[in-house]
Structure formats: structure tokens, C-alpha cells
Amino acid sequence: MAKFFEAFNLASLWNLPVLFIIENNRYGMGTAVNRSAAGKDLYERATVFGIEGEKINGMDFFEVSQAAIRARDHIYENSKPYVLEMDTYRYRGHSMSDPATYRTKDEVSEMKSNDPLYYEK
């Protein structure tokens with residue numbers, strides 16, 4: 001997390017035209033984010049550095065596309081950084097040695113049913 005905050009700090013201090021992406025796939029190394037991180041929305045951590053942003057559904061192509069355009073416009077118009085937190089899902093374990101027993105098969109099935117890459121043709 002320290003490097004994360006250092007990047008926010010310098011981007012804000014120097015008014016860098018940077019887009020930060022937080023890919024929130026709900027799990028850290030074997031632990032759900034809601035059990036290991038205080039605060040509901042990770043992108044809000046950038047606000048203390050004066051960086052605006054938003055949280056979006058990273059599983060929705062159109063929402064991601066529209067948010068990317070808003071972010072680009074904000075960065076170009078203000079010459080300031082912006083952050084997008086994209087809620088997504090990691091289907092497999094964190095590594096080859098992670099059996100991902102911290103989630104149920106029903107959870108994975110539910111997420112796949114809402115994933116555009118798994119939609120039936």
C-alpha cells in the first residue's frame with residue numbers, strides 16, 4: 001500500500017495527467033477484500049490527495065468504456081490525475097498453490113452468469 005499512496009501523492013503534487021486503475025477482484029491472497037480492507041470503496045483513498053475518481057462495474061464493457069472517456073476528459077481538461085476502481089472477479093486462486101477454498105462454487109457460478117465473456121451465444 002505504501003507505493004500506492006506514494007504514487008497518489010506525487011501525481012497530485014505534480015499535477016500529473018495519470019489514470020490510476022484499481023482492479024478490485026474481491027480477493028487478496030486468500031482473503032476477501034471486505035475482510036482485509038477498511039472502507040467500502042478503495043478509490044476513495046485517493047481523495048485525501050485531492051484526486052477525483054469513481055467506482056464502476058468492471059464486468060460491463062460499456063460502463064468501462066464510458067468511464068474511461070469521462071476519466072480521459074477529466075485528465076485532459078484539468079491536467080490532474082484520476083482513479084477508476086473497477087469491480088471485477090478473479091475466478092481462480094491467487095497462485096498455483098492457492099486452492100481458492102475461501103469461496104463457494106455457487107459464488108463462482110453466479111459471477112460467471114453475469115460475466116460477458118461467459119454469455120452464451
Out of the range 69-105, which residues are among the hydrophobic types (A, V, I, L, M, F, W, C) and surrounded by 16 or more Cβ atoms within 10 Å (Cβ to Cβ)?
-> A71, I75, V83, L84, M86
Which of (1) at pLDDT 95 or above; (2) in a helix (DSSP H, G or I) does I56 not meet, given it meets every other one?
-> (2)
Within the range 95-104, how many residues turn out to be at pLDDT 70 or above and either within 20 Å of D115 (Cα to Cα) or acidic (D, E) (or both)?
-> 2
In a helix (DSSP H, G or I), at pLDDT below 80 and surrounded by 13 or more Cβ atoms within 10 Å (Cβ to Cβ): does that describe V108?
-> yes
If Q66 satisfies every condition in (1) among the polar types (S, T, N, Q); (2) closer than 19 Å to R103 by Cβ; (3) at pLDDT 95 or above but one, which is the exception?
-> (2)
Taking first residues from the range 2-27 that are over 18 Å from A68 (Cβ atoms) and among the hydroxyl-bearing types (S, T, Y) and second residues anywhere that are assigned to a helix (DSSP H, G or I) and at pLDDT 95 or above, the pairs with Cβ under 9 Å that are 6 or more apart or on different chains are S12/F49
Could you tell me which residue of the range 49-67 is farthest from K112 (Cα to Cα), considering only residues that are surrounded by 14 or more Cβ atoms within 10 Å (Cβ to Cβ) and in contact (Cβ under 8 Å) with a residue 40 or more places away in the chain?
-> F49
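The values are calculated or read from the model by the stated rules, or taken from the named source; none is laboratory data. Predicted model, so just to flag it, every value in this text is computed and none were measured. All Cβ positions, glycine included, derive from the backbone under ideal geometry; neighbour counts span all protein chains shown.
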